[in-house]
Every structure is written in structure tokens, then in C-alpha cells.
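Participant: I have a structure I would like to understand better, so I am pasting it below and will then ask my questions one at a time.
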Amino acid sequence: MPSEHVDVLSQVLKLIRLRGDHVFHGELGSSTEVTFPPGPATFLHLRTGELSVSQRNGASVMLRSGDFVLLPHADGHTIRSEPSRKPHQRFEAGVDFTPSKDAQTFKWATDEGVAGSFLAGSFYFDGAPLRSLLTGLPGLIHLTCDKVSEPAWLASISHFLDVESRSAGPGSALMISRLIDLLVIRTLRMWVSRQGDRVGWLSGLSDERVGRALNAMHLEPNRAWTVSSLAETAMMSRSMFSDRFTAVVGLPPLRYLTRWRLTLAADLLRVGTLKVTEVAHSAGYGSEAAFSRAFKEEFGYPPRDAHRIAHTGAFVARSSELL
């Protein structure tokens with residue numbers, strides 16, 4: 001078993017190039033609804049009151065003061081006060097997500113008072129082909145955080161985001177971006193530790209034995225792994241390991257390894273400094289032809305086009321989950 005511990009979540013987020021972007025303040029009036037169109041991924045930390053948040057065509061969750069919600073898929077959402085009542089007013093959120101040194105404040109309210117106030121913001125997963133690594137995340141991650149259970153990190157990061165956004169100074173844009181990065185990473189880490197029977201590599205991280213195998217594959221992706229050697233790393237029999245890994249991760253062990261190797265190869269090709277033959281060799285393929293076939297099957301385009309596609313934003317995920 002490799003002696004060096006690998007933080008798989010950090011590795012994946014590094015490849016996806018998480019980038020915090022923007023923060024704003026909002027107030028929602030009683031019996032009011034605000035719809036946010038598809039755009040960047042977003043988060044919302046409810047400071048006071050009670051509001052409901054729902055994905056586009058998705059179920060709603062009720063937020064109470066202190067609660068936090070992450071919406072990683074950027075497909076739009078709606079915020080409502082008093083969801084059991086028909087709203088008296090509806091708004092289209094006109095939030096400008098262009099980075100700015102000046103904090104935006106929005107008050108979507110009626111004469112009936114304010115139902116809730118919140119801090120919200122946006123972030124991006126850069127690196128187009130690698131976004132598929134997070135397709136297994138739910139569209140909405142809800143952390144229930146009342147005054148007793150609110151984690152110290154959430155209160156601290158939210159506080160500093162508030163301070164930086166209200167009193168912009170030299171370096172504020174960078175501070176805000178880094179704080180949002182921390183907020184998203186800590187949320188994902190807490191979500192991993194709390195989830196139950198979800199399937200995906202993130203779930204595998206919370207399974208001690210499967211997690212050992214995942215760490216080993218990420219530490220030495222080009223090693224000649226077999227199911228037997230991975231089972232030994234996980235301290236399980238071959239058959240029990242294979243069944244457990246597949247059940248938890250959603251892919252057989254060697255299929256997961258192949259997809260991870262191709263994901264690393266896609267990142268190298270995106271940079272454009274290596275030839276396809278060199279990347280094929282680094283990914284463990286004996287020939288460029290075999291590598292090209294596997295790469296095209298995974299991403300829907302040949303490796304020679306990876307650099308151009310990544311830099312024109314033309315990527316559309318055809319193969320889905322590494323999760």
C-alpha cells in the first residue's frame with residue numbers, strides 16, 4: 001500500500017480549476033418569489049428568516065437562519081418566502097455576475113416586510129472536459145446549520161466574505177475569490193462525510209476500504225494495477241473488493257482507473273505542450289491509435305482536438321460520469 005496519503009478531492013478540484021467569482025447581498029420580502037436564470041454555479045447563506053430554494057424542475061428545500069445551500073450545476077433556481085402561499089410578487093433576478101470591486105445589494109420586497117436576508121455568490125468549474133468529474137453531485141447541497149450546529153468555518157468564511165464585499169480595498173477581488181473557493185471545498189467535504197448510500201467516487205472517499213484503493217490509484221495512476229493488487233491495498237478479498245467498489249463508486253475498479261487516466265491525459269492535452277504520442281505513453285497506452293480510440297470513446301472527440309476545444313469552450317460532455 002502506498003505510504004503517501006493522497007487527497008483525492010483536492011486532486012479532482014485542482015483539475016477542475018474551481019474559481020470563486022462574485023458575491024452579493026439580498027433581501028426577500030414576504031410573499032415574494034425570485035427566479036435566477038441558468039448561469040454560474042451559486043451558493044446562498046441565509047442570515048435571517050426562512051426561505052425556500054428550489055432547482056429548476058426540482059423539489060424545494062426550506063432554509064432557516066444559518067442554513068447554507070450550494071447549487072453546483074448552474075441550471076437556474078428560485079427563492080421563495082412562505083412557499084405554502086401564492087406569491088404576491090415575482091421577480092427575475094437581475095444580478096450582474098461580472099466581477100466588480102463594489103458589492104451588489106438587492107432588495108426584492110413588498111410592503112409586507114422582509115422574510116429573509118442572505119449572502120450569495122457565484123463560482124465556476126474551469127477546464128471544460130473535466131467538469132464531468134462532478135456530474136455526480138446533486139443539483140442542490142443543503143447544510144442544515146442552526147445556531148448550535150453551524151460549523152465555525154462557515155460562520156468565519158461568510159463573515160469575511162461580507163467584510164470584503166462591503167469594504168473593497170486593494171486585493172479584495174482576489175480575497176473574495178479565494179474565500180469562495182474555501183467555502184465550496186469545505187461544503188463538499190462536509191457533504192461527503194454526511195452522505196449515505198449515494199453512488200460515485202465522492203461516496204467512495206467516505207468508505208474506508210474503497211477510499212484506500214482510490215487513494216492508491218490517484219497516487220500512482222500509471223502503475224500496472226490489477227483488481228487483485230487493489231483488493232490487497234483495500235485489505236479485502238478480490239471478489240468482495242470488486243463488488244464493494246462497483247456498488248459504492250458505480251464503476252468497476254479498472255474502468256474507474258481507465259477514466260481517471262484519460263482525465264489526466266485530457267488535462268495534459270488541454271495545455272497543449274505535449275504531443276499526443278507523449279500523452280498516450282504517460283497514460284499507459286502502448287500505441288497512439290489505442291489511446292486515440294479510448295479518448296474519443298470517452299470524450300466524443302479525438303485527442304488532437306483537445307487543446308482547440310478546451311480553449312474555444314466548445315466542449316459538450318458526451319461520456320458522463322466518472323462518478
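Participant: For the range 146-190, compute Rg over Rh where Rg is the Cα radius of gyration and Rh is the Kirkwood radius from the inverse mean 1/r over Cα pairs.
Facilitator: Values: Rg = 11.4 Å, Rh = 11.1 Å.
For the range 146-190, the value is 1.03.
Participant: Compute the relative contact order of the range 201-312 as a whole-number percentage, counting only Cα pairs closer than 8 Å that sit 6 or more residues apart in sequence.
Facilitator: Answer for the range 201-312 is 20 percent.
Participant: A further question on this structure: Taking amide H positions as placed in the peptide plane 1.01 Å from N, state which residues far from HIS22 in sequence (5 or more) or on other chains have amide H under 5 Å from it.
Facilitator: HN-HN under 5 Å from HIS22: SER122.
Participant: What list of ³J(HN,Hα) couplings, whole Hz, do you get for the range 158-174 from phi and the Karplus terms 6.51, -1.76, 1.60, once you set θ to phi - 60° and write x for glycine and proline?
Facilitator: These are the phi-based 3J(HN,Hα) values: 4, 4, 5, 4, 4, 4, 5, 6, 8, 10, 4, x, x, x, 4, 4, 5 Hz.
Participant: Now a separate question. Put +1 on the Cβ of every Lys and Arg and -1 on every Asp and Glu Cβ in the range 201-312; which of LEU214, LEU257, ALA231 then has its Cα farthest towards the positive end of the dipole?
Facilitator: Comparing the listed Cα positions along the dipole, LEU257 ranks first.
Participant: For SER239 and PHE160, what does the FRET efficiency come to when R0 = 51 Å and r is the distance between their Cβ atoms, rounded to the nearest 0.05? Intermediate values should be presented prior to the final figure.
Facilitator: Working: r = 50 Å, r/R0 = 0.98.
For R0 = 51 Å, the calculated efficiency reads 0.55.
Participant: Would you mind calculating the gained length between SER84 and THR105 on full extension (0.36 nm times residue separation, minus the Cα-Cα distance), in nm to one decimal? Kindly include the intermediate steps, with their values, before the conclusion.
Facilitator: On the way: separation 21, 0.36 × 21 = 7.56 nm, distance 2.67 nm.
4.9 nm is the gain from fully extending SER84 to THR105.
Participant: Then there is this: What is the distance, in nm, between label points placed 7 Å from the Cα along the Cα-to-Cβ direction at SER167 and at SER10?
Facilitator: 3.2 nm
Participant: A further question on this structure: Could you check the spin-label model distance between GLU208 and THR35? Points 7 Å from the Cα along Cα→Cβ, value in nm.
Facilitator: Between GLU208 and THR35, the label points sit 5.0 nm apart.
Participant: Say a paramagnetic label sat at a point 7 Å from the Cα of THR226, along Cα to Cβ; which residues of the range 256-294 have their backbone N under 14 Å from it?
Facilitator: Under cut-off, by backbone N: nothing.
Participant: A further question on this structure: With θ set to phi - 60°, apply the Karplus curve 6.51 cos²θ - 1.76 cosθ + 1.60 along the range 176-192 and write out the HN-Hα couplings as whole Hz, x wherever there is a Gly or Pro.
Facilitator: 4, 4, 5, 5, 5, 4, 4, 4, 5, 4, 5, 5, 4, 5, 5, 4, 4
Rule-based calculations on the coordinates, nothing more; no lab input. Values in this document were obtained by computation on a predicted structure and should not be read as measured data. As a convention, Cβ positions derive from the backbone with ideal geometry for all residues, glycine included, and neighbour counts pool all protein chains shown.
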